[in-house]
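Report on the structure given below.
Just so it is clear, none of the values below were taken in a lab; they were calculated from the coordinates. Quick caveat: nothing in here was measured; it's all calculated off a predicted structure. Positions of Cβ are backbone-derived with ideal geometry, glycine not excepted, and every protein chain shown enters the neighbour counts.
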């Protein structure tokens, strides 16, 4: 999608070669994209002009005469190397400046399937761009670069770019070109007064395929409904004074809420109505008969001392021009509205935050940002939602995202019907996810889940090491698309656990509002600018329209289990790991098993990470995603006290899947499964040394010999006969160190040896 332009785009030229022999080659990506733009615009006539095929289309632009801006579509009919000739001639004929030109072309240095946007720059060896720069005398035009990748092996570049596609390759290439055609930001509303103020767009559906859009427009003039707040303007909303007119207005400003509608999937919009704005936060829903239901929190309460303490419900039958009061919600609270979402069965979710108590002069809470004694900025904000079937009668609130204090948050309906609530970090709050399951008319909250990976960002500015979206939309295949103001668009294929930047799109519009159409097209509405007061920045309403393929690395999962012998009588020092992604096994992947002793010779725990484990085995997963590894070094250890840590990790060398760690297990090298009588000659537990009948038969005086050693950590030389010493060493209860013989330091008692007794009649088992 196009980056912000110094001037509006008035010509879009696609590069390619004329003739049937070149029609399905990589070098014709620009032609393909232009053809798609023409198809979308309903072009029925092309004319030959200045050595090119030319078509004229019109797009909505309130600044232009008649509310339309003409765009010239161009396919030069000279060959690629001389594309600059026809394009420069047409620019002169249509009086188009170089900054108003957008060129779509193929790009070797971008992976096949990617689409990227660039304003200005050199030609990077592309002969078509070289020709345009030469003929235009400038490089300050914009480009949409369609990735085709590099030639395989030693294939010449010319042969590669002019080579005909195989059917599967052609299908993927055409999809890439279609996305390049979509990569144009549409400005759908520009105020008549300049600098303009059009901001805070919210989208909604009418239930019949139409898309509604509402936003705030401020103009110079006296608002007949204006009442100055009794607090400082900034304090009235808990915001800086420079921001005050955005929310509270002034005696020299008049603000409207404007309503638009689209009947063609968001490609064009027309105004249906406008009304004087009284709201500080507002959302809308539409009905198939054209009725709009509005939900708003007025910017001031009745006496002008603070924010309103309820949600007002109103309806309009004339496109938003006039309104009828329909009731109030959550009276006596301190609400702020964020999103309104419609589920697949028509259920309406109204997302909001409750700030504990109403705020304003003389109230317990002076401003929206006031933190009362004993509060934190997190626990004072209660994130919740209301539900409705008809848009007028609501149940709730239902509370979600506990302890996060979410300001900007959103919800997406998963393909399996679960609701995924996602709190982003746009206001520096903690991030988190929560699944909510519907149970009839009720809701069952799942646990609060982490966001493990945000999209990359500058760590110096973002200590979280990544950003998490504030608005999301779920595609039919489960891909989650996200946007955060002034940040790159992101996507996640594991329900928001890991986020990746989407290549080829500009940073998101401000205060984004994402929706997904049934065909998988993503629309994002917002405004150019930021939290600017009226008259500071030229602000207008824009829409980004794009498609996203699920080419993200899949989130992986590893499980680990210990293997058994054929008779299932004993565990082996061998393990099986299963690698899966999105519930499906991953075959042909290399995983690494790692093992290291749990105990040191002195009985203390070895807590060293397994990255440097002395035992490491690599194995490849089979068709079931299972890999196996054995550690034979542990097989000859008769010491029943010898434990080791073992885990498995997946570190892919290339894309496709995300790395992951399996569980760490602490295992005994010698582990029988079935019950068996006296499998060990000696066992030390809880400070008591247990001796088997077999050992007592060999050394009947062992208890008497061992009794004097109770309370000692060491065994003096000559205190025990050599045969008994060897037997005890074999079991591990006695250890030989540099300083002599020492008892095994059991984790079950502080004293290594406190008593001696026969094992009795108990069986030993796993």
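Shown is the FRET efficiency for residue 559 and residue 439, computed with R0 = 30 Å from the Cβ-Cβ distance and rounded to the nearest 0.05: 0.55. Residue separation of residue 39 and residue 719 scaled by 0.36 nm, minus their Cα-Cα distance, works out to 235.1 nm of gained length.
Note on residue 696 and residue 289: the model spin-label points, each 7 Å out from Cα along the C-beta direction, lie 9.2 nm apart. Each label point was placed 7 Å from the Cα along the Cα-to-Cβ direction; for residue 390 and residue 620 their separation is 6.5 nm.
In terms of other Cβ atoms within 10 Å, 289, 531 run from fewest to most in the order 289, 531. Once both labels are positioned 7 Å from their Cα atoms along Cα-to-Cβ, the gap between residue 220 and residue 536 label points is 1.9 nm.
Among 308, 275, the ranking by other beta carbons within 10 Å of each residue's beta carbon, starting with the fewest, stands as 275, 308. With neighbours defined as other Cβ atoms within 10 Å of a residue's Cβ, the residues 527, 310 order from fewest to most as 310, 527.
Applying 1/(1 + (r/R0)^6) with R0 = 35 Å to the Cβ-Cβ distance of residue 418 and residue 628, what FRET efficiency is obtained, to the nearest 0.05? With R0 = 35 Å, the Cβ-Cβ based efficiency is 0.50. Placing a label point 7 Å from the Cα of residue 46 along the Cα-to-Cβ direction, the residues of the range 78-94 with a backbone N closer than 12 Å are 78. Once the C-beta distance of residue 271 and residue 590 is scaled by a Förster radius of 56 Å, the resulting FRET efficiency is 0.40 to the nearest 0.05.
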